[in-house]
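What follows is a set of notes on a single structure, which appears directly below.
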Amino acid sequence: MSLRPHELALNLLLQHVLTGPFLAGTGLRVGMLRADFHPELLALARHPAVAGLQLQSTFKPHVDALAAAGLEVVPALHGDFDLLLFVPTKQRRESLACLAEAVGRLAPGGRLVVSCANEMGAATYEKNLRSLAGLAGHLSKSHCRVFWSDGGHVDRRLQQEWQAAAQPSRIPGTPFQTVPGIYGWNKIDRGSALLAEQIPADLGGEGMDLGCNYGYLSYMLLRKAPGVRRLHLVEAEARALDCARLNLAEFDQARLQCHWAGVDEPLPQDLDFVLVNPPFHTGKGTDYQLGNRFVEAACRALRRGGRLFLVANQFISYENVLDRQLSRHERVAQAEGFKVLAGVK
């Protein structure tokens, strides 16, 4: 199976760091922004030149995989570093903010090393780093670029501009605050909006917004259905869950329970209803099994007689999953390439 662009870039980054000149010396403090597990991270942590490896991540499945390997994982980097590593994400503002943070965390003589797949904008990010802090070197290999900076001459105005652009901000014309890097950070998802229209006003009891993102569906549910006694918000990306807390601040917090969790973790059970807009993208690729796991988890969480409300692209068939998991289901709406399915367990 061919590797995705992010995986190619991560492979090249760690191979080059472990075999290149970046680990000269002793007692090096090494960090990585937006880290994902890779076996070579274990080799990096054990390298005789490395005194400590700090890995930053807010995505629960990545955090769990890193921690299970015995690696230090933190929600935010702290301290200065002799070597910092970064693979840009698919969101440009987020990635520029990471570059700005990284050059600000370099110890004197420290170095930031970046790897990016060509199709993810490697040439542009290389120019960005040159503008921000200058380049000390670069190479091209395996449809990727690796480039690095010593951060000796940082453009402070540009650094502040990039960091400010990644702070929480309101989607124009809405009450919702989001941050770059979470799904649909600058819009209301059309599918979720269609699902919100189908939420019955008499919905009540205890339920779950599975994959709640910045809280749009939860907000619309609580506005529309005052009989909801308790609502579980489940989200794997901590930054999105933080936004959901901000966006739901007007509601009775005793009714809300936030869960920083991936879909494969234990979830609330015996629920009266579940709302779900299953994801099916991993980076720029598609992963239909991910969506299936969301739908299966949503169905398992329901009590007998509990109600499921699901939105999906029309070309994705979750009906087979629902046939196995629910006593009945039907399509209740469709528009703009989306469908809303409602069912009862």
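Which of the residues spanning the range 329-343 are basic (Lys, Arg) and without any contact (Cβ under 8 Å) to a residue 24 or more places away in the chain?
331
Say we look at the range 284-305 and pick out the residues that are more than 18 Å from residue 236 (Cβ to Cβ) and touching a helix residue (DSSP H, G or I) at 6+ places or on another chain (Cβ under 8 Å); which of these is modelled with the highest pLDDT?
So, considering only residues that are more than 18 Å from residue 236 (Cβ to Cβ) and touching a helix residue (DSSP H, G or I) at 6+ places or on another chain (Cβ under 8 Å), the one modelled with the highest pLDDT is 299.
Does residue 24 satisfy being assigned by TED's automatic domain parsing to the domain that holds residue 123 and at pLDDT below 95?
In short, yes.
Pairs please, first residue from the range 235-261 and in contact (Cβ under 8 Å) with a residue 60 or more places away in the chain, second anywhere and hydrophobic (A, V, I, L, M, F, W, C) and assigned to a helix (DSSP H, G or I), Cβ atoms under 6 Å, 6+ apart in sequence or on different chains.
Filtered contacts from the range 235-261: 260/238; 260/241.
Any residue at all in the range 49-59 that's assigned to a loop (DSSP other than H, G, I, E, B) and surrounded by fewer than 21 Cβ atoms within 10 Å (Cβ to Cβ)?
So far as the range 49-59 goes, yes, one or more of its residues are assigned to a loop (DSSP other than H, G, I, E, B) and surrounded by fewer than 21 Cβ atoms within 10 Å (Cβ to Cβ).
Being in contact (Cβ under 8 Å) with a residue 24 or more places away in the chain and either under 24 Å from the mean Cα position of the chain (by Cα) or surrounded by 22 or more Cβ atoms within 10 Å (Cβ to Cβ) (or both) is the requirement here; does residue 326 meet it?
Numbers: in contact (Cβ under 8 Å) with a residue 24 or more places away in the chain: yes; either under 24 Å from the mean Cα position of the chain (by Cα) or surrounded by 22 or more Cβ atoms within 10 Å (Cβ to Cβ) (or both): no.
No; evaluated as a whole, the condition is false for this residue.
Whether any residue in the range 181-199 is of a type in the set (Phe, Trp, Tyr) and without any contact (Cβ under 8 Å) to a residue 60 or more places away in the chain is what I want to check.
No, the range 181-199 contains no residue that is of a type in the set (Phe, Trp, Tyr) and without any contact (Cβ under 8 Å) to a residue 60 or more places away in the chain.
Out of 43, 24, I need the residue that is within 24 Å of residue 75 (Cα to Cα) and either touching a residue at least 12 places away in the same chain (Cβ under 8 Å) or assigned to a helix (DSSP H, G or I) (or both). Which one? Lay out the reasoning, then the answer.
Working: 24 fails: within 24 Å of residue 75 (Cα to Cα).
On inspection, the qualifying residue turns out to be 43.
The values are calculated or read from the model by the stated rules, or taken from the named source; none is laboratory data. Treat the numbers as computed from the prediction; the structure is a model and nothing was measured. Every residue, glycine among them, receives a Cβ derived from its backbone with ideal geometry; neighbour counts consider all protein chains shown.
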